[in-house]
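Have a look at the structure below, then the notes.
The values are calculated or read from the model by the stated rules, or taken from the named source; none is laboratory data. Keep in mind that what you see is a predicted model, and the values were worked out from it rather than measured. Cβ atoms come from the backbone with ideal geometry, glycine included; neighbour counts cover every protein chain shown. Note: areas computed on protein heavy atoms with side chains; ligands, DNA, RNA excluded. Shrake-Rupley method; radii C 1.70, N 1.55, O 1.52, S 1.80 Å.
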Amino acid sequence: MPGKIEEQLKEFSLLKQSLLSKEKDIIEKNCGYFGRKEKFIVFLSVSDGKTRASVYSASANTLEASIKMVQQLCNKNHQRSRIIGARLEAVISPESMSLDEFFVLSTKTKKNYLRKGISFDEQFNLAFMEQEVLSNAFILKSNKKQQDVISLKNVNAYAKAHRGFNYPIQEQHVKQIILFDTIGFFCGSDEVIELESGGLNHGRRKLPQADADTVFQVIESSSRFLAGEVKENGAFTYGYFTHFYKEIKWYNMLRHASTIYSMIEAYTLTKSDDLKNSIDRAIGYLIDEGIVLKSHRTYGTAAYVVDEKNDNEIKLGANGVALLALCKYTSVFEDTSYMHVMKALGRGIQSMQEKDGRFIHILHAEDLQVKEAFRIIYYDGEAAFALMRLYALDRDESWLNTVIRTFDYFIENDYWKHHDHWLSYCTNELTKYLPEDKYYLFGLRNVERKLEFIYHRETTYPTFLELLMAAHHMIGMIKQQGKEHLLEGFPTDRVYETIEKRALYQMNGYFFPETAMHMKYPDKIEGAFFIRHHSFRTRIDDIEHYLSGYYHYYTEYLGEESPVQQQKEMIRSD
């Protein structure tokens, strides 16, 4: 039988001392809310790493007494499993409001972005931390009403299973809501980590910046997660809504292919044999189950990715990312065995180009007739980027000429207004061979007017970091070409400020142990990424975009030639 928490976690004593050191801050932030006599409400969350954390709470007139009480409650009641991690937190900044006021606030807040704990009573006997509230879907976006609702069904199911409540909370008992933040620390096997308190970073470990060690960790762990999601036949498990670990029963061959691309990027850093084996299986599935050859009257034998799960569609973007994945595989592993498939995919892309340079987006697989002329902007950049990567391998001028025609169309039709990262990637490839001002200006405009939106965005939308890193690469290329005049009036410094802010902020979409422990099966998702406002969704393409952004941040921004490193060297020399 597992022992007491202080026996299982060797750093638990330091965890307690760390919270005690915050006593003054707790008193100040509570601003006399509990009257003349101070009251300290403490939560202790304990995790076995495999199941949703159990949470104990206690209150007393001193912080030390509250911690002692909650420790005793844990030792008395937590007998079922070994403890490998714990969070110790105290309530701060309580704010009372009526139910109507709460629903107004909740309804206007993006799903799962009300980063507050909730108490249903003034004594905090019915209080739940933010992580408990959100990971168990206490607040539902209702389709039947204009405002959110509290699901007492979810509240009571959780409270009984993980808080030891003997009696359900009844609707008539909820007269008001008290929102609160917490201040606290996480203790793993060998360290104590301070947690962010309040705001959109709440509950995640404090990080001064997205440093190289942390970024490499998230690249390694998220690519390892993806490798583990590749089945024996090469298909991925598509994804999960992780708070209840509900599998997403769908498939998309485009996302299958683009995820492979990001895994190969990660492999260049981790050199993991398991990752390589998963990449090989996933490519085998793509070729065997996704790619078909068709005879085209103009381009001869052309290859297309057919998405059977989506009405047997041929998507321009699927051809693009499949070609990208195979080009990346060829260059990284120095294996040319897929060149015939790659060229056929390139011809498939060419067959979808109109005379004016634009691409057709969707075809019917059976007869190659147009289904949709346009669906989503990503497809254009994916296709053009892929042709440039193929051109880099075989120097067939037809690929380059196709991209030149489509870029003429992009420029004429102000495609930079879409601010798509794939367009920036493609611009960077094109200017390697044709460093013309018009292409650089297109690429700069593609990011410039999106900068402030990205800087202030509350979601961890991962393609933003990809767009920023493509801009960083472009700025470097412009300087190397001696074309600094193109950067006159361009907010270069703001690009770097936004890169550093987003690289750190997107860590809020990563399952650190202290975040994963409140989900249904922590060990199955720890080290992966998620999208908070989509019910903590972890889908292969979500991880792909986080992974690619951090890959470029690690290799191009944190390297010896990066602006960050140059600034550090200047400080050292002073």
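Among the residues of the stretch 140-167, how many are assigned to a loop (DSSP other than H, G, I, E, B), farther than 30 Å from L15 by Cβ and either touching a strand residue (DSSP E or B) at 6+ places or on another chain (Cβ under 8 Å) or at pLDDT 95 or above (or both)? Result for the stretch 140-167: 3. As a summary of the residue check, F165 satisfies the conditions (1) among the aromatic types (F, W, Y); (2) within 15 Å of V91 (Cβ to Cβ); (3) open to solvent by 10 Å² or more (accessible area, probe 1.4 Å) except for the one numbered (2). Scanning the stretch 375-395 for residues that are basic (K, R) and touching a residue at least 40 places away in the same chain (Cβ under 8 Å) returns R375, R389. Considering the stretch 121-162, and only residues there that are hydroxyl-bearing (S, T, Y) and surrounded by 15 or more Cβ atoms within 10 Å (Cβ to Cβ), the residue that is farthest from M519 (Cα to Cα) turns out to be S151.
Yes or no: the stretch 488-499 includes at least one residue that is modelled with pLDDT of 95 or more, out of contact with any strand residue (DSSP E or B) (no Cβ under 9 Å at 6 or more places or on another chain) and at positive phi. Yes: one or more hits. Condition test on F225, is it within 30 Å of I499 (Cβ to Cβ) and open to solvent by 20 Å² or more (accessible area, probe 1.4 Å)? Considered against the rule, which asks whether it is within 30 Å of I499 (Cβ to Cβ) and open to solvent by 20 Å² or more (accessible area, probe 1.4 Å), F225 comes out as yes.
Which one of these is in contact (Cβ under 8 Å) with a residue 24 or more places away in the chain and farther than 27 Å from I404 by Cα: P435, P462? Walk me through it before giving the result.
On the way: P435 fails: farther than 27 Å from I404 by Cα.
Exactly one of P435, P462 is in contact (Cβ under 8 Å) with a residue 24 or more places away in the chain and farther than 27 Å from I404 by Cα, namely P462.
Of the residues in the stretch 113-120, none is surrounded by fewer than 16 Cβ atoms within 10 Å (Cβ to Cβ), of a type in the set (S, T, Y) and without any contact (Cβ under 8 Å) to a residue 60 or more places away in the chain. Remark: A60 matches the filter, which requires a residue to be of a type outside the set (S, T, Y) and farther than 26 Å from T242 by Cα. Would you confirm, using the coordinates I've provided, whether F333 is over 28 Å from I279 (Cα atoms) and not hydroxyl-bearing (S, T, Y)? No. Can you name the residue in the stretch 174-198 that is among the charged types (D, E, K, R) and not in a loop (DSSP other than H, G, I, E, B) and is also farthest from K29 (Cα to Cα) among such residues? Among those residues, the one meeting the criterion is E194.
Would the stretch 412-427 turn up any residue that is among the basic types (K, R) and either part of a loop (DSSP other than H, G, I, E, B) or modelled with pLDDT under 95 (or both)? No, there is no match, as no residue in the stretch 412-427 is among the basic types (K, R) and either part of a loop (DSSP other than H, G, I, E, B) or modelled with pLDDT under 95 (or both). Would you pick out the residues in the stretch 362-383 that are farther than 19 Å from S424 by Cα and either aromatic (F, W, Y) or open to solvent by less than 20 Å² (accessible area, probe 1.4 Å) (or both)? Residues satisfying the conditions are I362, L363, A365, F374. What number of residues within the stretch 430-454 are open to solvent by less than 50 Å² (accessible area, probe 1.4 Å) and outside any loop (DSSP other than H, G, I, E, B)? Number satisfying all stated conditions: 11. Mind checking whether some residue in the stretch 279-289 is outside any helix (DSSP H, G or I) and charged (D, E, K, R)? The answer is no; no qualifying residue exists.
Of all residues being basic (K, R) and open to solvent by 30 Å² or more (accessible area, probe 1.4 Å) in the stretch 287-327, which is farthest from the chain's Cα centre (by Cα)? Just the residue, please. So, considering only residues that are basic (K, R) and open to solvent by 30 Å² or more (accessible area, probe 1.4 Å), the one farthest from the chain's Cα centre (by Cα) is R297. If you filter the stretch 11-64 down to residues that are of a type in the set (S, T, N, Q) and within 20 Å of Q123 (Cα to Cα), you find that the one that is most open to solvent (accessible area, probe 1.4 Å) is N61. So for the stretch 501-514 (the condition being crowded, with 24+ Cβ neighbours inside 10 Å and more than 27 Å from A257 (Cα to Cα)), does at least one residue qualify? Yes.
Taken over the stretch 312-338, the criterion of being without any contact (Cβ under 8 Å) to a residue 60 or more places away in the chain and either on the phi > 0 side of the Ramachandran plot or part of a strand (DSSP E or B) (or both) is satisfied by N312, E313, I314, E334.
From the list E89, E95, the lone residue that is closer than 17 Å to T182 by Cβ and buried (at least 18 other Cβ atoms within 10 Å of the Cβ) is E89. Of all residues in the stretch 199-210, those being part of a loop (DSSP other than H, G, I, E, B), touching a residue at least 24 places away in the same chain (Cβ under 8 Å) and open to solvent by 20 Å² or more (accessible area, probe 1.4 Å) number 2.
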